[in-house]
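Take a look at the structure set out below.
The values are calculated or read from the model by the stated rules, or taken from the named source; none is laboratory data. As the structure is a prediction and not an experimental result, all values here were calculated from the model. FYI the Cβ positions are ideal-geometry reconstructions off the backbone, even for glycines, and counts take in every protein chain you see.
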Amino acid sequence: MDTTMDRDREAQRVLDQYGRLLRTVADALLPGYPEEAEECVQDALWTYVDGIQRWDPTRGSEKTYLCVLVRSRAKDRRRRLAARREDSLEEHQGALWAEDHAERSALRDGLRRALEALEPEERRLFTLRFLYQWPSAEIGRTMGLSPNGVDARVTRLRKKLKRLLAQQGLGWDGKEDTR
């Protein structure tokens, strides 16, 4: 873009024409993080406007190119969020049970102790599979494993968690969405 005014006009045109679509793409990949989704859209928008010469119309439409930019940024942001997010124990309350109907605090404490006994990679796998419910292929891309490798590790992790929770006097049905 030649001038700041041309750049701003182009950004506004793109936002007017594709803004809702781009926000939908970002929101789908970052549910519960509207600020992060909006930042992805803004980042992709300015990347496009500042580097419009990178778009090759023979390879796809402007709309598709913009969606790919947003999707790429949202996936990167989701990975960063997953890497730094604390494990929320409250999300497991429906899957955990105690023989003597212990209080919720006992469940949280037992799960916290069981998770502390896991290796860092096992905790990361636990978070991606059981908290975020990512499919094996996505976890594999993030952790550098094949989908079958992820499934094998999830199976071992499930057995280890059952054993660790049993030591705490807790049981876990071990079921999850395998998508």
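Given the conditions (1) modelled with pLDDT of 90 or more; (2) surrounded by fewer than 16 Cβ atoms within 10 Å (Cβ to Cβ); (3) of a type outside the set (S, T, N, Q); (4) at negative phi, which single one is not true for G144?
Among (1) modelled with pLDDT of 90 or more; (2) surrounded by fewer than 16 Cβ atoms within 10 Å (Cβ to Cβ); (3) of a type outside the set (S, T, N, Q); (4) at negative phi, G144 violates only (4).
For residues that are part of a helix (DSSP H, G or I), more than 24 Å from R80 (Cα to Cα) and either in contact with a strand residue (DSSP E or B) (Cβ under 6 Å, 6 or more places away or on another chain) or of a type in the set (D, E) (or both), tally how many sit in the range 17-61.
The total comes to 1.
In the range 21-35, how many residues are among the charged types (D, E, K, R) and under 14 Å from K75 (Cα atoms)?
2
Which of (1) at pLDDT below 85; (2) under 24 Å from R77 (Cβ atoms) is the odd one out, the single condition G174 does not satisfy?
Going through (1) at pLDDT below 85; (2) under 24 Å from R77 (Cβ atoms) one by one, G174 breaks only (2).
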